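Novice: Pasting in a structure now, in structure tokens, and then I'll have a few things to ask.
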């Protein structure tokens with residue numbers, strides 16, 4: 001039977017347990033990353049147009065300059081991926097934790113987009129509450145994976161108690 005924890009929604013079927021956690025909007029970050037995303041799109045479009053014009057300009061240095069511009073466009077693409085990922089993180093209105101038989105998936109959906117990361121359950125440690133970050137967490141190898149940042153401490157601890165009792169029933173609290 002699924003527990004009743006405020007701010008947390010549960011869904012279960014034969015394949016997985018779905019846990020929906022609340023997310024508070026950080027409007028300042030969302031506005032800053034939205035502006036950065038718009039600037040990035042403008043720079044990318046202008047960069048592509050300028051590179052195209054340079055490549056077919058017929059100037060004697062066009063090839064070398066085009067290669068340099070393509071290198072800069074690649075760096076701009078990498079920067080855009082980081083900005084896009086951060087924008088999706090702050091634009092999400094919920095965080096979803098999927099626990100399958102063989103994997104744990106953490107998702108922050110934004111419409112059909114969003115950040116999704118999957119972890120092999122064989123390498124996931126029992127869930128714990130991170131005092132430093134004030135949120136639930138688990139370790140995946142040497143990485144600390146934090147989720148549910150906006151979940152109050154009492155519901156977070158009850159959620160962790162339920163998850164550990166269900167998925168790690170032989171865990172001893174003294175092993176930490």
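Novice: Need one number: convex hull volume per residue for region 75-168, Cα atoms only, in Å³.
Specialist: On the way: hull volume 11.6 nm³, N = 94.
Hull volume over Cα atoms, normalised by residue count, gives 124 Å³.
Novice: If you don't mind, there's one more thing I want to ask. So if each residue of separation counts as 0.36 nm, and I subtract the Cα-Cα distance between residue 105 and residue 153, what length gain in nm does that give?
Specialist: Details: separation 48, 0.36 × 48 = 17.28 nm, distance 2.19 nm.
Stretched out fully, the residue 105 to residue 153 stretch lengthens by 15.1 nm.
Novice: Continuing with this model, one more query. Please report the base-10 log of the normalised intensity I(q)/I(0) for region 28-90, using a Debye sum with one equal scatterer per alpha carbon and no solvent, at each q in 0.13, 0.14, 0.17, 0.18 (1/Å).
Specialist: The computed values of log10 I(q)/I(0) come out as -0.42, -0.47, -0.61, -0.65.
Novice: For a quick protection proxy, order the peptides 132-139, 8-15 by their average other-Cβ count within 10 Å, most packed first.
Specialist: 132-139, 8-15
Novice: Also: Using a 10 Å cut-off around each Cβ, can you sort 96, 105 from fewest to most neighbouring Cβ atoms?
Specialist: Details: 96 19, 105 15.
By the 10 Å Cβ count, ascending: 105, 96.
Novice: To the nearest 10 degrees, how steep is helix 62-91 against the longest Cα principal axis of the chain, on a 0 to 90 scale?
Specialist: 30
Novice: Also, I was wondering about something else. Grab the DSSP H runs of the chain that are 4 residues or longer, score each as -39,500 (n - 2.57), total them, divide by all residues and round the 222 nm result to the nearest 500 deg cm²/dmol. Don't skip to the answer; put the middle values down first.
Specialist: Details: 3 runs with 74 residues, N = 176.
Using -39500 (n - 2.57) per qualifying helix, the result is -15000 deg cm²/dmol.
Novice: Limiting things to C-alpha atoms, what are the Rg and the maximum Cα-Cα separation (Dmax) for region 94-138, in angstroms?
Specialist: 11.8, 33
Novice: Moving to a separate point now. Calculate how steeply helix 27-55 sits against the longest principal axis of the alpha-carbon atoms of the chain, using the helix alpha-carbon long axis, and give the answer as 0 to 90 degrees to the nearest 10.
Specialist: Roughly 30 degrees between the two axes.
Novice: With an 8 Å cut-off on Cα pairs and a minimum separation of 6 or more residues, tell me the relative contact order of region 28-90 in percent.
Specialist: On the way: 30 pairs, mean separation 32.6, N = 63.
Worked out over region 28-90, it gives 52 percent.
Novice: Still on this structure, please answer the following. Against the longest alpha carbon principal axis of the chain, how many degrees, from 0 to 90 and to the nearest 10, is the axis of helix 153-167 turned?
Specialist: Tilt relative to the chain: about 80 degrees.
Novice: Over 29 Å apart: what share of the alpha carbon pairs of region 1-150 falls there, rounded to a whole percent? Don't jump to the answer; show the numbers that get you there.
Specialist: Values: 4274 of 11175 pairs.
Cα-Cα pairs of region 1-150 separated by over 29 Å account for 38 percent.
Novice: Going highest first, how would you order 36-46, 58-68 by mean Cβ packing within 10 Å? Mind dumping the intermediate values first?
Specialist: On the way: 36-46: 13.6, 58-68: 11.6.
So the peptides 36-46, 58-68, ranked by packing, come out 36-46, 58-68.
Bear in mind that the values in this text are calculations on the coordinates, not laboratory data. All of these numbers come straight from a predicted model, not from anything done at the bench. Here the Cβ is made from the backbone with ideal geometry for all residues, glycine too, and neighbour counts use every protein chain on show.
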